[in-house]
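J.: Could you have a look at this structure, given as structure tokens, before my questions?
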Amino acid sequence: MGYLLSILLSGIILSAGTFSADSLLLDAYRHEDMPVWKEYIDQRPQRPASPDRVQTDLLIEYGYCGYLVDRDKEHARPYVEQFKQHVEETKESLPTGHYEMYRSAVLVYELRLHMSMHPISAMNLAKQATKLAPEDPLVLSYYATSLFYAPSPFGNKRDALAWFTKAERLFRSPEWRFCWVRDATYMYIQQCNEKLDRTPVAAHQSQCLLVPDDEMPANGWPAILLLHDHGARFEKGWEKVIGANTEPYYNGIAIGDSLAAHGYVVYCIDALYWGSRRSTLTQRQFSDSLGGAGEWYARVLDEDRKSIRYLCSLPFVDSTRIAAAGFSYGAYRAWNMAAEEPRVSVCIAAHWMTTLAQNRYNDSWLCMCRKEQRPFEEIAAEICPRPFLLQYGTKDRLFPLSAVDSCVTYIDSVYQQKPVAAGSFRAEQYDCDHVFTHNHLQNWLLWLKKHL
């Protein structure tokens, strides 16, 4: 709301031109000179009523109440009540959408004043606010907080996590970048996950963010974008790699949970067509519905790159220490995206590498097909000189050993040509089929410890 207030106040004050103190008020906002605002509000009853002043008056009350609610709750109450009264009095004269904005602000302020003392009252107010402002992340976050603290049976952590997750998505908009409530929302998501043992929240949740339990480093935690596989099983996406794992290729290993336990923030999303984004169309029908060859993977790649940008934006993440990692299709996504995204510091790819000649061009390939085909090893080599760990199996039925060895030779030659990349590429062979084992995971952790 502060960002919106700044824009609206600047526009209204600079265009009004009818009050000599307008520039002073705008300057006071920029410098948080609250005595100027308080004096203006307290003198309001003595000023002649003027329709031209309605929005300026409300915006100043809006800002001052927010300031007091943050810093001086005891003195904030009468000003919030006064602001609420003025909003209702001027309802009919406000431009479209402004009454809803102010009313949601009043509800948020009331929530913050009641949160610590009246949890049930706060929860009821918050629920009312979500109906009035369903796309306001502040309102959603406060409702989630009220559910988090409300005693049973009125509140529960599962519902709280669902609302915190929705608020977190809305908080990604740039205007909320410096909002402390946004930061608190991430922490509450972590606490909810802990209380629920990180079990899935609901079928519609399309992503999962895990935060380590240990103390945050001075520059934030390193982070990993964990990318799930194809598996010819589409009912799950991120749940394949986070939480209880029953997928046939993972040997019961919850990769994301293990990484978080070792001090890494872990983020995973449902790729297009998996989990919450499942379609009733066949893979070929779905590919055709998107426009044909290359369109499907283009969208997946774009979303994976946006996920990296999202991780870099988190206030508790060290944006200089971001890795991308995955198994099978997740590996393919990892090295393709790392080749194009310089903010990926480290790449780990398990069991997806081959030559164009040896690749399988069936329906499962449709989600991987690029608009312009290039040799896979050439794309992967563009990660150089950044650290790149490639794992593959000598008995992998999907990727012939001779084809993988050929790619490894090429990628290694590119790394060898750059002295700065010495020791940054490692190819590991495993005596196994197309599976992920505890040995794979242990070597991930060693690689990350060394390079991230």
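Rundown of residues vs (1) crowded, with 21+ Cβ neighbours inside 10 Å; (2) over 19 Å from E61 (Cα atoms); (3) modelled with pLDDT of 75 or more, yes/no style:
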{"residue": "H75", "(1), (2), (3)": "no, no, yes"}
{"residue": "E88", "(1), (2), (3)": "no, no, yes"}
{"residue": "E100", "(1), (2), (3)": "no, no, no"}
{"residue": "Y143", "(1), (2), (3)": "yes, yes, yes"}
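J.: Further question: Among (1) in a loop (DSSP other than H, G, I, E, B); (2) surrounded by 15 or more Cβ atoms within 10 Å (Cβ to Cβ); (3) out of contact with any His (no Cβ under 8 Å at 6 or more places or on another chain), which single condition is G423 missing?
T.: Unmet for G423, out of (1) in a loop (DSSP other than H, G, I, E, B); (2) surrounded by 15 or more Cβ atoms within 10 Å (Cβ to Cβ); (3) out of contact with any His (no Cβ under 8 Å at 6 or more places or on another chain): (2).
J.: Within region 249-294, can you find the residues that are surrounded by fewer than 16 Cβ atoms within 10 Å (Cβ to Cβ) and part of a helix (DSSP H, G or I)?
T.: Matches in region 249-294: A261, R277, R284, Q285, D288, S289.
J.: Hey, another quick one. Among the residues of region 419-446, which ones are over 16 Å from S328 (Cβ atoms) and of a type in the set (S, T, Y)?
T.: Result: S424, single match.
J.: Just checking, does region 384-402 include any residue being without any contact (Cβ under 8 Å) to a residue 12 or more places away in the chain, in a loop (DSSP other than H, G, I, E, B) and assigned by TED's automatic domain parsing to the domain that holds L290?
T.: no
J.: Residues being out of contact with any strand residue (DSSP E or B) (no Cβ under 7 Å at 6 or more places or on another chain), assigned to a loop (DSSP other than H, G, I, E, B) and crowded, with 16+ Cβ neighbours inside 10 Å: count how many of those fall in region 315-358.
T.: Of the residues in that region, 5 qualify.
J.: Hey, among the residues in region 301-346 that are more than 17 Å from the chain's Cα centre (by Cα) and among the aromatic types (F, W, Y), which one's nearest to P387 (Cα to Cα)?
T.: Looking at the filtered set, the residue picked out is W335.
J.: Would you confirm, using the coordinates I've provided, whether G231 is surrounded by fewer than 20 Cβ atoms within 10 Å (Cβ to Cβ), in the same structural domain as L441 (by TED's automatic domain parsing) and of a type in the set (G, A, S)?
T.: yes
J.: Next question, about the same structure. Quickly run through region 261-289 and pick out the residues that are basic (K, R) and either at pLDDT below 90 or not assigned by TED's automatic domain parsing to the domain that holds S206 (or both).
T.: R277, R278
The values are calculated or read from the model by the stated rules, or taken from the named source; none is laboratory data. Note that this is a predicted model, so its numbers are computed, not measured. Backbone-built Cβ (ideal geometry, glycine too); neighbour counts: all protein chains shown.
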